[in-house]
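Structure first, commentary second.
Computed from the coordinates by the stated procedures, all read-outs in this text should not be read as laboratory data. Values in this document were obtained by computation on a predicted structure and should not be read as measured data. Glycine gets a Cβ as well: all are built from the backbone with ideal geometry, and neighbour counts include every protein chain shown.
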Amino acid sequence: MTALKSKFTFENRFIDNLPADPEPAKFVRQVHGAAYSFVMPIHVSNPQVIATDNDLANELGFSEADLSDELFPQVMAGNDLLDGMAPYAMNYGGHQFGNWAGQLGDGRAINLGELVTPTGEHKILQLKGAGLTPYSRRGDGLAVLRSSVREFLCSQAMEHLGIATTKALSLSLTGEEVMRDIMYDGNAALEPGAVVCRVSSSFTRFGNFQLPAFRQDIELLRALANHTIEADFPHLVVDSDVIDKGVYLAWFNEVCQRTVKLIVGWQRVGFVHGVMNTDNMSIIGETIDYGPYGWIDDFDVNFTPNTTDRQYKRYRFGTQGEIAQWNLFQLANSIYPLVEEAEPLEAMLNEFADDFQLAWREMMAQKLGFERYQNADDLTLFESLEALLSLVETDMTIFYRQLAKLDVTQDFMQSNHWLPVLENAYYQTEQLSDTYVEQMSQWLCKYQQRLVLDSRDSKARIAQMNATNPKYVLRNYLSQQAIDKAEQGDYSEIHRLQQVLKHPYDEQPEFEQYAQKRPDWAREKVGCSMLSCSS
Ligand code: AMP
Ligand code: MG
């Protein structure tokens with residue numbers, strides 16, 4: 001037995017504090033009166049860790065020796081457990097694409113336990129793709145390499161962009177093959193099976209509260225809310241022995257605030273989650289469940305990468321704020337039995353819309369290099385810019401980055417003073433009509449006049465812009481290239497992307513090619529511009 005086996009302390013508060021499903025068998029079923037079911041990960045033939053987040057490993061207390069311990073890949077793929085782990089799948093429901101879907105639950109995620117880190121924090125380790133659970137419904141409980149690479153890399157991209165997210169400790173191959181029909185068009189094929197070990201202080205979703213509320217199981221609802229508040233919002237109960245109505249309201253208010261911050265972060269960097277169902281909304285305000293997500297290449301508020309959502313585009317880039325509010329409305333409905341007063345909840349939901357607007361404006365001001373959002377004139381500038389960015393295919397990431405490079409002492413009515421700098425942001429230069437160029441010149445002149453109102457030097461402004469507008473984001477085609485290689489057994493591109501994405505705001509001359517706009521071959525390619533929920 002290796003030292004790793006008994007190295008960690010696990011304090012499994014979720015299972016200690018909440019009722020368990022008494023049925024130990026794995027069959028698919030409705031689970032009532034319980035927050036989770038105990039379930040063991042499936043045994044796989046040949047576990048192999050192909051990437052790790054070493055910073056996260058270190059934060060959790062894994063040494064380098066632990067990562068090369070023979071037990072590590074076994075645990076990361078679900079073949080073995082560390083002492084103190086007690087695997088379980090969580091029970092939750094949710095609204096999918098606006099419709100109540102009833103019980104969903106962790107159909108292919110298994111929480112291993114809550115590890116106590118060297119600094120005393122609780123971090124839950126969770127395997128995604130570790131086999132059937134009582135919540136697997138029609139699924140197989142498994143995950144493939146393709147979607148696991150995307151989850152692994154995007155967790156790290158988000159973290160280093162400074163946006164709250166679940167993390168990913170390891171990416172492992174299982175040695176098994178898994179059948180998937182990527183585009184749901186009858187072309188099923190075998191793909192390499194994989195497991196990601198996700199890490200967060202909570203994997204609880206809005207849907208965890210929705211299910212007991214829907215079933216009028218107020219006792220479970222209350223237990224779950226109390227546990228969540230005590231474990232993840234302890235500052236709300238410092239001065240009170242009892243969790244009363246006031247605490248529930250303060251909690252809901254904080255969930256709203258965290259969600260504002262999260263979504264405004266997504267809008268800032270051009271991230272489209274793709275499946276903002278209520279079961280994919282984290283109660284602690286993290287980005288969770290990386291599925292058919294995408295990054296904006298050419299700016300388009302109507303963009304969604306998710307082909308399943310192609311018709312109505314419910315989860316398109318431009319509506320993520322409204323959808324978050326809709327989801328919070330469902331959460332408010334669910335916790336209403338604990339509060340028994342609609343008015344304060346309604347007030348907070350309305351405030352969400354206002355706070356989101358304010359935060360969005362402040363974020364846009366940061367992107368453009370203003371010290372602060374000033375007034376409606378600024379808003380007009382933002383809106384007219386977004387209209388211009390949509391008018392011709394303009395790469396969002398490159399545009400903002402290049403904007404910081406303009407010499408703002410020049411006369412922008414002359415396009416030769418700006419076009420050579422911004423040119424690289426355009427996908428099709430033939431779209432740059434005289435009218436467009438004239439409009440952009442005018443916008444830039446207004447922008448210039450606005451910058452003068454801030455009394456600070458351009459060095460400070462440029463530094464702010466470059467700390468707000470990333471140079472490197474996980475463009476879909478970059479993930480796809482890493483996936484294509486990984487499927488051939490070459491994991492180097494995954495490792496390289498990990499390096500690149502660690503410093504998204506820095507110039508990294510050696511990685512310049514990772515800041516290029518989407519190449520033409522990726523325009524309509526599956527995995528690059530089109531993704532399905534198949535994973
Ligand atoms: P998602 O859209 O990935 O958030 O998943 C929605 C629901 O489907 C959740 O309850 C998942 O646990 C479940 N699910 C997704 N993929 C699978 C799978 N391969 N096997 C079992 N359940 C799955
Ligand atoms: Mg999900």
Computed over the chain, the Cα gyration tensor eigenvalues, each multiplied by 5 and square-rooted, give semi-axes in Å (largest first) of 40, 28, 21
Segment 512-535 and segment 405-458 have their Cα centres apart by a whole-number Å value of 28 Å
Here the convex hull volume per residue of segment 476-522, taken over Cα atoms and given in Å³, is 74 Å³
In Å³ per residue, the alpha-carbon convex hull of segment 2-94 encloses 145 Å³
In nm, the gap between the two label points placed 7 Å beyond Cα toward Cβ at MET40 and TYR436 is 6.1 nm
dims of segment 337-386, Cα set, principal axes, largest to smallest, nearest Å -> 45, 18, 17
For the pair ALA460 and ASN99, the simple spin-label estimate (label points 7 Å beyond Cα toward Cβ) gives in nm 5.5 nm
The helix 218-232 Cα axis meets the longest alpha-carbon principal axis of the chain at an angle in degrees, between 0 and 90 and rounded to 10, of 60 degrees
In the structure shown, of LYS459/LYS485; LYS123/LYS245; LYS26/LYS525, the pairs separated by more than 30 angstrom at the C-alpha atoms are LYS459/LYS485; LYS26/LYS525
Under 16 Å by backbone N from the virtual spin label 7 Å along Cα-to-Cβ at GLU351, the residues of segment 234-264 are 236, 245-261
Note, ARG146: beta-carbon cut-off 11 Å, +1 each Lys/Arg, -1 each Asp/Glu, net -2
Rounded to 0.05, the calculated FRET efficiency for the beta carbons of LYS5 and GLN513 at R₀ = 51 Å is 0.75
Sparse-neighbourhood loop hits (chymotrypsin sites (Phe, Trp or Tyr not before Pro), segment 1-55; DSSP loop; Cβ within 10 Å at most 13 others) -> PHE27
What the 10 Å binned alpha carbon P(r) of segment 190-232 shows, as percent of pairs per bin from 0, is 23, 38, 21, 15, 3
The value for segment 250-401 (convex hull of the alpha-carbon atoms, volume per residue, Å³) is 121 Å³
For segment 336-409 the trypsin sites (Lys or Arg not before Pro) that pass both the DSSP coil test and the at-most-14 other-Cβ-within-10 Å test are ARG372, LYS405
Residues of segment 437-477 with backbone N under 11 Å of the label point set 7 Å from the Cα of ASN375 along Cα→Cβ are none
Subtracting the Cα-Cα distance of GLN311 and ALA342 from 0.36 nm times their residue separation yields 7.7 nm
Loop-resident GluC sites (Glu not before Pro) in segment 104-184 with no more than 12 other Cβ atoms inside 10 Å, DSSP not H/G/I/E/B, are GLU121
Taking 430-437, 270-277, 58-65 and ranking on average Cβ neighbours within 10 Å, highest first, one gets 270-277, 58-65, 430-437
Rounded to one decimal in nm, the spacing of the 7 Å Cα→Cβ label points at GLU230 and GLU386 is 4.3 nm
Rounded to whole angstrom, the alpha-carbon centroid of segment 14-51 lies from that of segment 334-398 at a distance of 40 Å
Dipole check, segment 385-468, charges on Cβ (K,R +1; D,E -1), about Cα centroid: among SER441, TYR400, SER458 the Cα furthest to the positive pole belongs to SER458
Residue span PHE329 to TRP443: 0.36 nm per residue of separation minus Cα-Cα distance leaves a gain in nm of 37.3 nm
If every Lys and Arg gets +1 and every Asp and Glu gets -1 at its Cβ, then about the Cα centre the chain yields a dipole, in debye to the nearest 20, of 560 debye
Note: probe point = Cα of PHE27 + 7 Å toward Cβ; backbone nitrogen < 19 Å; residues of segment 128-170 passing the test are 132-141
Listed by chain and number, the residues whose amide H is under 5 Å from that of HIS32, excluding neighbours fewer than 5 places away on the same chain and using placed H, are none
What helix-only [θ] at 222 nm does the chain give? Using -39500 (n - 2.57) per DSSP H run of at least 4, over all residues, to the nearest 500, the answer is -12500 deg cm²/dmol
Helix 320-339: inclination vs the chain longest Cα principal axis, degrees, rounded to 10, gives 40 degrees
Using the Kirkwood radius over Cα pairs of segment 133-221, the Stokes-Einstein translational diffusion coefficient at 10 °C and 1.306 mPa s, in µm²/s and rounded to a whole number, is 102 µm²/s
For the chain, longest principal axis from Cα atoms; helix 458-468 axis from its Cα atoms; angle between them, nearest 10 degrees, is 30 degrees
